[in-house]
1. Counting just the residues of the stretch 86-111 that are over 20 Å from Lys56 (Cβ atoms) and among the acidic types (Asp, Glu), which one comes out surrounded by the fewest Cβ atoms within 10 Å (Cβ to Cβ)?
2. Kindly evaluate Ala11 against the criterion of being small (Gly, Ala, Ser), crowded, with 18+ Cβ neighbours inside 10 Å and touching a Ser or Thr at 6+ places or on another chain (Cβ under 9 Å).
3. Taking Ala106, is it among the aliphatic types (A, V, I, L, M) and over 24 Å from Arg31 (Cα atoms)?
4. Of all residues in the stretch 30-57, count the ones that are surrounded by fewer than 19 Cβ atoms within 10 Å (Cβ to Cβ), in contact with a strand residue (DSSP E or B) (Cβ under 6 Å, 6 or more places away or on another chain) and either under 22 Å from Gly120 (Cα atoms) or among the hydrophobic types (A, V, I, L, M, F, W, C) (or both).
5. Among the residues of the stretch 119-138 satisfying the criterion of being exposed (fewer than 13 other Cβ atoms within 10 Å of the Cβ) and not small (Gly, Ala, Ser), which is farthest from Ala162 (Cα to Cα)?
6. Counting residues that are among the hydroxyl-bearing types (Ser, Thr, Tyr) and in contact (Cβ under 8 Å) with a residue 12 or more places away in the chain, which strands (runs of 3 or more DSSP E) fully inside the stretch 50-96 reach at least 2?
7. Only one of Thr117, Thr98, Thr39 is in contact with a Ser or Thr (Cβ under 6 Å, 6 or more places away or on another chain) and not basic (Lys, Arg). Can you tell me which?
8. Is it the case that the stretch 50-68 has a residue that's at pLDDT 95 or above and on the phi > 0 side of the Ramachandran plot?
Amino acid sequence: MTETRTTTGTAKVTLPADDRILITREFAAPRHLVYRAWTTPDLVKRFWAGKRGTMKTVEIDLRVGGRWRYAMEANGGFEVSFHGEYREIVPNERLVHTEVYEQSGASDEDAVLVTTTFAGTGDRTTLTLLTETGSKEVRDAIIESGMEGGLQEQLDALEELAVSLA
């Protein structure tokens, strides 16, 4: 049996435009397993909170026009929740959805647009998340929220989970 080498804290966050955030992370798992973990409610519950809380709600209606909602109780005892709608789905390859951070007071009309791409060959997958925020102010607010620390934990946990599914 060969050992699968996982990595930690290797997601790259870049700002390719005033209204965009690009996150790239390579995983030591085939893309169909990364996609499965990303889109299956019971699996999302196991990685999405990273080390920052406990998932309370994971609802996924994985179809164009379907809605999703994630809510966690953060370690500090407060709720962090997001929701949105799927706009495009190409299984094992691409998801496009809206995203609203509920605690910001934003409405569905203020949603950002996230394109998630799963690319890979063999036992490696590159995940890219492109967030289109609509403005530099929203982009900067997301970056300044401290999201990168939680993101790194979340994607590390996703990789461990995807590897365990093999």
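1. Filtering first and then ranking leaves Glu109.
2. Numbers: small (Gly, Ala, Ser): yes; crowded, with 18+ Cβ neighbours inside 10 Å: yes; touching a Ser or Thr at 6+ places or on another chain (Cβ under 9 Å): yes.
Taking the combined requirement at face value, the residue satisfies it.
3. Details: among the aliphatic types (A, V, I, L, M): yes; over 24 Å from Arg31 (Cα atoms): yes.
It is true that Ala106 is among the aliphatic types (A, V, I, L, M) and over 24 Å from Arg31 (Cα atoms).
4. 1
5. So, considering only residues that are exposed (fewer than 13 other Cβ atoms within 10 Å of the Cβ) and not small (Gly, Ala, Ser), the one farthest from Ala162 (Cα to Cα) is Glu137.
6. Working: elements: 53-60, 67-74, 79-90.
Qualifying strands (runs of 3 or more DSSP E): 53-60, 79-90.
7. Working: Thr98 fails: in contact with a Ser or Thr (Cβ under 6 Å, 6 or more places away or on another chain); Thr39 fails: in contact with a Ser or Thr (Cβ under 6 Å, 6 or more places away or on another chain).
The unique qualifying residue is Thr117.
8. Within the stretch 50-68, one or more residues are at pLDDT 95 or above and on the phi > 0 side of the Ramachandran plot.
The values are calculated or read from the model by the stated rules, or taken from the named source; none is laboratory data. Keep in mind it's a predicted model, so treat the numbers as computed, not measured. Positions of Cβ are generated from backbone atoms using ideal geometry, with glycine treated the same way; all protein chains shown enter the neighbour counts.
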